[in-house]
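The values are calculated or read from the model by the stated rules, or taken from the named source; none is laboratory data. Note that the coordinates shown come from a computational prediction; the quantities given were computed from them, not determined experimentally. Here the Cβ positions follow ideal geometry from the backbone for every residue, glycine too, while neighbour counts run over all protein chains shown.
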Amino acid sequence: MSKRPSPSHSSDPAIPATSQSARRSSKFRRITHTQENGPVGHTASPHQSPPPHRLKWKAEAGTILRVSLKNFMCHASFTYRPQPRLNFLSGVNGSGKSAVLTAITFALGGTARTANRGTSTKSFVRTGATAATVELTLSNQGEYGYRSDLYGTELTIVRHVTSGGTGGYKLKNFQGQIVVDKRVREELDRILLSFRIEVDNPIGILHQDAAKTFLFQCHPHKLYEFFMRATQLEKCKADYFEAAAEREFSASILQEKVEALPSLQAEKLKWEQKLQLVEDIASRDNSLQEKKVALAWSVAKEAEAALNVALMNVQKMEIKAHKAEQLSQEQVTEQKKLKKEKIEIEKQIQELAKAKNERDRAMQELRKVFQKEKEAENLQKKSCHELESQIETKKSDISSLEDEITRLKAEGDAEFVKIVNERTRRIETLAQQVSTWHDQVKATEGHLFNQVNNQERLQGQLLEAKAVSSNKNRSLEVKEKELKQMRESGNSKLLALGSNMPTLIGMIQRSKSKFGQMPVGPLGSMINFKPEVSDEVKIIVENELRTLFSAFVVNSFKDKTILQALMKSAKVQGQVITTKFMPEKYELTHGSCQHDKHRNLLSFLDIPNAVAFNVVVDQRRLEQILLFEHDCEAQQLLKLPRTVPKNCLYGLTMSKNQFFPAPAYRTYVVSGHMNRPFLQCDSKDFIKAMENDIEGLIKESRHAQTVLSDLQSEVKKGDIERKRNEKIINDLKCKIKAKNMELSQLKTEAETEQAPDISALEEDRDRFQSELKELEKQLQTEETKLEELKQLSGVAKANLVQKRDETDVFGGVDDLSEKLGQVEETIRKTERDKAYYKKKYEDYTTQVRAVDKEADQLKAKYNELVTIAQKCAPEPDHPLDKPDKLRREVATLKNNLSQQKAAIEPKEVVVEYMNKHHKLLEDAQTMVNTIETSVSKLEKMLVMRKKGFEKIRLSIIRRVKNYFNVRLAARKYTGEIIFDIEAQTMELIVCPDGADPAVAKRSMKTLSGGEKSYSTISLVLSLWDVMSPPFRILDEFDVFMDMLNRRAALQQIVEYAKMKRQYQYIFLTPLNTDNITVDEDLSIIRLEKSQD
């Protein structure tokens, strides 16, 4: 059952008047609703100019005049005629509002995805129907009208779709006649382009799902995407990329054309060659006969050469066999000689070690004797000082007694008591003072004794510091001289091995006639790293080779003696290795350590010289040393016997640890790595390193000089302090002597006055004199003993110094040990060489027999071939090509001649085809030049378009920001739009309280739903200001607003539209529209859900 429509309160002629039958067939009904309560709209002040809505509304091509739906979604039949101004289409959810918007999108060529309605347009067919049809009539008037002569003032787009998913388009003119029914979609695209309609542009048609995604969620990336689509900048980017793809396509076409040129050139050349072949075919018969004769004699000559080679190989093999036998015998002789040398060296080492131990024990004994004598001397000095002090005291006492005796004899007994008391006080005072001075003398003497010992120690350090400073200065002079030579020399690596190394090389070159074979070396100049080796690996490998860098290799002991003499004359220290020179490098396939993941050290080196290569293998066995990246890898591989690779000597890791394999598994830290790499450095690196060494020596020399100056200053201060203490001691002793004399005198006086008996004083004087003589005699004895101790101490010190300064004759132990190691290694090598030469002798003998047999066969073959060649023709007197080449030439000539004679094209045909391909090649070259010009223009155009796009984008951003601030100001909001082009984000900052957005920085997440919706509506209006689609459709844009913000937003939209008085506006809303004022510019149509 259908319902009657509500009475219309609108006088707008655009309100549709549906037929009664249409109403019966639809489950929905449409009503026009108008109410004046709380109107929303523009109210003009009496003092203002006439309101904008009195002005004429500008007509736009593309304005929607009518949309008819048949069996489309929820509508069985429905027609909607919006007016060309403001339109509100309201209704509860499910009343069919969005279906009208979907129908508009569908008619304009949109897909189900464009309308956010699934994935297929067949879902638009109403349930129970077989097809759905939409007719959309657009205005074709105004500035942007399209083909008015064909369509008239309006055109209608008809699109239908079946339940099977098929469909099509038709275009009608203003009279309803079908004017286009083929290739309609292309025509429709041109119409939409003319009307400035983009179906997928959210600023023209904003679906509710798009509004929710782009605006109400306010995600920065989604907002930026919304902005790019709304402003058509995204389409500009797509067009740019399409143009770039076109340029790439053109470039690929150009490449294809260019690649085709060689084939055309080849084809042209082929016909030119055919022409030449036609002209030269007669002369090729004679050439064929000549080639056959040359082939016969060339084969004979080849056989002769093979015979000569075989005979020469026989001779070479015999020489090699004899040489191998001779070398094997030499190795036996050499081995015996080396074993004798080994025994002699071991004996010398034992003798030197024994002598060195005896010398060390003697030094220890001498040091103990010197210390003992020095201690005895110091004790004797102290004893002498005590005796001298006692003698001085006795002399003072004797003098006092004599003075007192003299006084008593001269004086009488007057004032005895007074004098005695005064004298007693004086004696006590003097005794206390003398005791204090004695303590000071003892303390000062002890300090002086320590100071003297310290001065002797400082004197020793001063001598050592002078020697160190002198050595540093000499080293600095040597290094500066080496640096100067290195800069002047062309081979800095030789200088890096020693300043005299170039001199030694020159001496060797001048003495080459003395050597049986020229020495090879220094080895450091013949060893290089392969290009891919890293610096860390280079340091590890060099650490294994560092003792060989200055070494030379000689072929015999005679050459070794000559070279050692030259090295001694040139003052060059280095090892001389004796080994038989071999022309080939060792075959290490079975003797080296191989692993899938880890390389041996020899694989990092490039040693072109065979002798140097063999010596490195003999001396260091690098082919059996594996390098690991991490310690755990070495542990895992070498810890168990079953996992240890064959022939593995040990392993090294990048962390400089050494791993010996199981069953004797152990680990060591490798010490003594080279501070300055040799092999991996070039001349500049060596000079830089030498400069750094000189700079370090300068610092060390300055430090040594500073230490020397400090020691000299300390010694000088010690001398001053010693003299001061000696003066203090002498002054105190003088004072003590004076006070003792005075004290003795007072005591004598007291004794005399107590017992005027002078005889007692005389007895004391005599006793003191006797004691004095005894002390002087004892002092003389002690001084004699002191002199003897000084002589003994001096002799012990001289012996110790002499023994210490003796030339160290035992330094040769290390050289002998190194020499012993070399001899042992040479013995092992001679054993290997003996086995090697013996096997070579056997191999060469076998080869001699085989080559001799082969020579006999070649001789018979040669005689046969010469006989055949002589039958053909005499031997040519010019050089002959190889038989293989002549066979190919003969076969080619025969084949070509037979084919050409059987089926050769006429000359006229060949000339015709040659001219044809010449023309094709010229045309292709012209086309290539044309395409190259086009591609160049396209590249310049792309650069210009990119710059233009960036300028347009910047201009649109500025305008949108400005319009956005104006829209917010209507509600006294403040805010800003922040664009991040690189991150492709757009963030809205809105402050409803009017605060400074740069300070408050409130994001959209902090706003209420209504404030957020109002802000996004302001953004949409800002985008409307910069874009110009003929109609703007918003679906359920106000559902998230509160009443206050919805009222403000609607008022702003209406005022905006009436102020602009341009374009068509259609708003779909499920909310109440009673507070919206209906006038001549605004129409409200409400759809109600049918109760059927």
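If we only count helices (runs of 4 or more DSSP H) wholly inside the stretch 91-208, which ones have 2 or more residues that are β-branched (Val, Ile, Thr)? Walk me through it before giving the result.
Values: elements: 97-107, 148-151, 184-195.
Per the criteria, 97-107, 184-195.
Which one of the conditions (1) at pLDDT 90 or above; (2) surrounded by 19 or more Cβ atoms within 10 Å (Cβ to Cβ) does Ile197 fail to meet, given that it meets all the rest?
(1)
Confirm whether Ala998 is small (Gly, Ala, Ser), out of contact with any Phe, Trp or Tyr (no Cβ under 8 Å at 6 or more places or on another chain) and surrounded by 13 or more Cβ atoms within 10 Å (Cβ to Cβ). Spell out the reasoning first.
Working: small (Gly, Ala, Ser): yes; out of contact with any Phe, Trp or Tyr (no Cβ under 8 Å at 6 or more places or on another chain): yes; surrounded by 13 or more Cβ atoms within 10 Å (Cβ to Cβ): no.
No: the conditions fail for Ala998.
For Val990, are the conditions met, namely being touching a residue at least 60 places away in the same chain (Cβ under 8 Å) and on the phi < 0 side of the Ramachandran plot? Even if it seems obvious, please write down each step before you answer.
Values: touching a residue at least 60 places away in the same chain (Cβ under 8 Å): no; on the phi < 0 side of the Ramachandran plot: yes.
In short, no.
Please go through the stretch 139-162 and give me each residue that is surrounded by 15 or more Cβ atoms within 10 Å (Cβ to Cβ) and either of a type in the set (A, V, I, L, M, F, W, C) or touching a Lys or Arg at 6+ places or on another chain (Cβ under 6 Å) (or both), ordered by number.
Selection gives Leu155, Thr156, Ile157, Val158, Val161.
Free of Cβ contacts under 8 Å to residues at least 60 places away in the same chain and farther than 23 Å from Leu1007 by Cα: which single residue out of Lys937, Lys946 fits that description?
Selected residue: Lys937, the only one of Lys937, Lys946 that is free of Cβ contacts under 8 Å to residues at least 60 places away in the same chain and farther than 23 Å from Leu1007 by Cα.
Please tell me if His219 is free of Cβ contacts under 8 Å to residues at least 24 places away in the same chain, closer than 30 Å to Thr830 by Cβ and not acidic (Asp, Glu).
Against the criterion (free of Cβ contacts under 8 Å to residues at least 24 places away in the same chain, closer than 30 Å to Thr830 by Cβ and not acidic (Asp, Glu)), His219 does not qualify.
Only one residue in Glu771, Glu762 is assigned to a helix (DSSP H, G or I), at pLDDT 80 or above, among the acidic types (Asp, Glu) and at negative phi, so which one is that? Step through it out loud before you land on a result.
Details: Glu762 fails: at pLDDT 80 or above.
Just a single option satisfies the conditions, and that option is Glu771.
Residues that are of a type in the set (D, E, K, R) and in contact with a strand residue (DSSP E or B) (Cβ under 9 Å, 6 or more places away or on another chain): find the strands (runs of 3 or more DSSP E) completely inside the stretch 940-1059 holding 2 or more of those. Talk me through it step by step, then tell me what you get.
Values: elements: 974-980, 985-991, 1031-1035.
The strands (runs of 3 or more DSSP E) meeting that bar are 974-980, 1031-1035.
Gln141 - would you say it is under 24 Å from Trp57 (Cα atoms) and at pLDDT below 90?
Details: under 24 Å from Trp57 (Cα atoms): yes; at pLDDT below 90: yes.
So Gln141 passes the test.
Name every residue in the stretch 841-889 that is closer than 15 Å to Leu307 by Cα and acidic (Asp, Glu), in order of residue number.
Asp852, Glu854, Asp856, Glu864
Can you tell me which of Thr130, Thr32 is modelled with pLDDT under 85 and either over 60 Å from the mean Cα position of the chain (by Cα) or under 23 Å from Asn1075 (Cα atoms) (or both)?
Values: Thr130 fails: modelled with pLDDT under 85.
Answer to the selection: Thr32.
Just one of Val851, Val890 is part of a helix (DSSP H, G or I) and over 26 Å from Leu277 (Cβ atoms); which is it?
Result of the check over Val851, Val890: Val851.
Count, please, the residues in the stretch 153-188 that happen to be within 19 Å of Tyr80 (Cα to Cα) and of a type in the set (Lys, Arg).
Of the residues in that region, 2 qualify.
Restrict the check to the stretch 627-639 and report whether at least one residue is surrounded by 13 or more Cβ atoms within 10 Å (Cβ to Cβ), at pLDDT below 85 and under 24 Å from the mean Cα position of the chain (by Cα). Quick ask: steps written out before the conclusion?
Within the stretch 627-639, the first condition is being surrounded by 13 or more Cβ atoms within 10 Å (Cβ to Cβ), and the residues that meet it are 627-629, 631, 633-635, 637-639.
Restricting the remaining residues to those that are at pLDDT below 85 gives 639.
Among the residues that remain, those that are also under 24 Å from the mean Cα position of the chain (by Cα) are: none.
No - not one qualifying residue is present in the stretch 627-639.
If you go through the stretch 584-618, how many residues are of a type in the set (S, T, N, Q) and in contact with a helix residue (DSSP H, G or I) (Cβ under 6 Å, 6 or more places away or on another chain)? Steps first, answer last, please.
Narrowing the stretch 584-618 to residues of a type in the set (S, T, N, Q): 589, 592, 594, 600, 603, 609, 614.
With the extra rule that they be in contact with a helix residue (DSSP H, G or I) (Cβ under 6 Å, 6 or more places away or on another chain), the set shrinks to 592, 600, 609.
So the count comes out to 3.
Go through the stretch 517-553 and give me each residue that's in a loop (DSSP other than H, G, I, E, B), farther than 30 Å from Ala570 by Cβ and touching a helix residue (DSSP H, G or I) at 6+ places or on another chain (Cβ under 7 Å).
Our first condition is that a residue be in a loop (DSSP other than H, G, I, E, B); within the stretch 517-553, this holds for 517-519, 521-522, 527, 530-534, 549-551.
Filter once more, keeping what is farther than 30 Å from Ala570 by Cβ: 530-534.
Result: Lys530, Val533.
Mind listing whichever residues of the stretch 853-883 are out of contact with any Asp or Glu (no Cβ under 7 Å at 6 or more places or on another chain) and within 17 Å of Ser287 (Cα to Cα)?
Cys872, Ala873, Pro874, Glu875, Pro876, Asp877, His878, Pro879, Leu880, Asp881, Lys882
Return the only residue of Glu325, Glu334 being over 56 Å from the mean Cα position of the chain (by Cα), surrounded by 15 or more Cβ atoms within 10 Å (Cβ to Cβ) and acidic (Asp, Glu). Give the derivation first.
Details: Glu334 fails: over 56 Å from the mean Cα position of the chain (by Cα).
Every option except Glu325 fails the conditions.
Report the residue count in the stretch 950-974 for those that are modelled with pLDDT of 85 or more and in contact with a Phe, Trp or Tyr (Cβ under 7 Å, 6 or more places away or on another chain).
Of the residues in that region, 1 qualify.
So that you can scan it fast, the table gives a plain yes or no per residue for (1) on the phi < 0 side of the Ramachandran plot; (2) free of Cβ contacts under 8 Å to residues at least 60 places away in the same chain; (3) out of contact with any His (no Cβ under 6 Å at 6 or more places or on another chain); (4) not in a helix (DSSP H, G or I):
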site: Lys859; (1), (2), (3), (4): yes, no, yes, no
site: Glu864; (1), (2), (3), (4): yes, yes, yes, no
site: Gln870; (1), (2), (3), (4): yes, yes, yes, no
site: Pro874; (1), (2), (3), (4): yes, yes, yes, yes
site: Pro879; (1), (2), (3), (4): yes, yes, yes, yes
site: Gln899; (1), (2), (3), (4): yes, yes, yes, no
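Return yes or no: is Val1039 at pLDDT below 85, surrounded by fewer than 22 Cβ atoms within 10 Å (Cβ to Cβ), touching a helix residue (DSSP H, G or I) at 6+ places or on another chain (Cβ under 9 Å) and aliphatic (A, V, I, L, M)?
Values: at pLDDT below 85: yes; surrounded by fewer than 22 Cβ atoms within 10 Å (Cβ to Cβ): yes; touching a helix residue (DSSP H, G or I) at 6+ places or on another chain (Cβ under 9 Å): yes; aliphatic (A, V, I, L, M): yes.
Considered against the rule, which asks whether it is at pLDDT below 85, surrounded by fewer than 22 Cβ atoms within 10 Å (Cβ to Cβ), touching a helix residue (DSSP H, G or I) at 6+ places or on another chain (Cβ under 9 Å) and aliphatic (A, V, I, L, M), Val1039 comes out as yes.
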